[in-house]
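Coordinate-derived values only; no laboratory data. Remember, it's a predicted structure, so these values are computed and weren't measured experimentally. Note: ideal-geometry Cβ built from the backbone for every residue, glycine included; neighbour counts use all protein chains shown.
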Amino acid sequence: MSDAVRANGARIGIILCLLSMFIFAAQDGITKTLVRDLPVAQLVMVRYWVFLLFALCFVQMKGGIGSALKTAHPWLQMARSLLGVFEIVVFGLALRYLGLAETHAIYAVFPLLTMAMAAVLLRERLNLRQCLAGVIGFVGTLIILEPGMGVFSPASLIPLLAALMFACFSVLTRRISGADSFGTNMLYMGLWGAVASTVIGLPQWVTPTSQQAVLMLVLSISGVMAQMLLVQALNFTAAITLQPFNYSLLVFASVLGVVWFGEAVETTLVVGAVLVVLGGLYSLRR
């Protein structure tokens with residue numbers, strides 16, 4: 001492959017990645033709007049129904065549902081899927097009590113948490129640079145949370161819990177992806193996710209208005225679109241190239257928070273978020 005072709009593929013991959021991050025940020029804006037009047041579990045349930053429908057269509061085109069159901073890790077698939085459901089619920093609760101910028105600034109620590117957990121659970125070796133990156137990100141998180149300053153909000157711990165749960169989800173994904181295909185992972189995520197979200201979401205069902213129903217449909221479909229854009233981006237260039245651009249989600253969410261919800265971005269939030277992002281980027285350096 002020539003350098004020109006490789007560079008063009010990288011540009012396309014980066015554009016697709018940025019587009020997916022923008023859609024994810026817009027999704028969170030829609031979620032923040034809907035959770036004012038609708039239960040978070042109801043939104044998650046509808047999202048998983050749509051995701052399951054897409055997953056069934058996807059695996060049917062890629063070799064059939066029967067082959068996709070074959071997994072080397074059935075219990076880990078179930079645990080990973082359930083963890084994914086509850087992580088989305090917790091993140092939705094964070095958006096109910098916190099602004100978009102603050103939620104994403106704290107949540108942005110999850111790559112560093114994933115790195116630390118992979119070292120402990122998967123025996124992945126950490127070098128000095130990665131350890132320093134973890135310290136930088138931890139300091140940034142403390143600046144955002146402001147513990148002991150008299151203004152600490154317990155709600156700030158909600159996105160931190162979501163970040164921890166997503167780190168666990170990522171580690172489990174690494175563990176099972178060596179044996180199970182992308183289609184298998186997607187199908188089990190949809191199946192178990194739909195079951196679990198229906199169990200917790202259906203009893204809380206609140207009939208939405210026509211406008212809310214449209215937003216719920218947009219929320220569900222855009223989630224699948226964003227995921228597919230990210231997958232396509234990885235087809236054009238390597239994950240290590242795209243990883244730094246994933247932090248654009250924090251930028252998009254902050255801008256939408258200011259424009260859409262009139263949020264005020266405090267200095268401590270900006271400083272802490274910069275440190276978290278710098279820590280994440282530093283850990284990725286070769």
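Structure values in brief
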read-out: Yes/no for Leu242 being in contact with a helix residue (DSSP H, G or I) (Cβ under 6 Å, 6 or more places away or on another chain) and among the hydrophobic types (A, V, I, L, M, F, W, C); value: yes
read-out: Boolean, Ile65 is out of contact with any Leu (no Cβ under 6 Å at 6 or more places or on another chain) and more than 26 Å from Leu242 (Cα to Cα); value: yes
read-out: Number of the condition not met by Arg123 [criteria: (1) touching a residue at least 12 places away in the same chain (Cβ under 8 Å); (2) assigned to a loop (DSSP other than H, G, I, E, B); (3) more than 30 Å from Ile65 (Cβ to Cβ); (4) not hydrophobic (A, V, I, L, M, F, W, C)]; value: (1)
read-out: Qualifying residue in region 45-60 (condition: surrounded by 21 or more Cβ atoms within 10 Å (Cβ to Cβ) and either without any contact (Cβ under 8 Å) to a residue 12 or more places away in the chain or under 22 Å from Asn246 (Cβ atoms) (or both)); value: yes
read-out: Check on Gly99, of a type outside the set (D, E, K, R), crowded, with 20+ Cβ neighbours inside 10 Å, in contact with an Asp or Glu (Cβ under 6 Å, 6 or more places away or on another chain) and in contact (Cβ under 8 Å) with a residue 60 or more places away in the chain; value: yes
read-out: Wholly within region 197-286, helices (runs of 4 or more DSSP H) carrying at least 3 residues that are surrounded by 18 or more Cβ atoms within 10 Å (Cβ to Cβ); value: 210-236, 248-261, 267-284
read-out: Boolean, Val259 is more than 18 Å from the chain's Cα centre (by Cα) and free of Cβ contacts under 8 Å to residues at least 12 places away in the same chain; value: yes
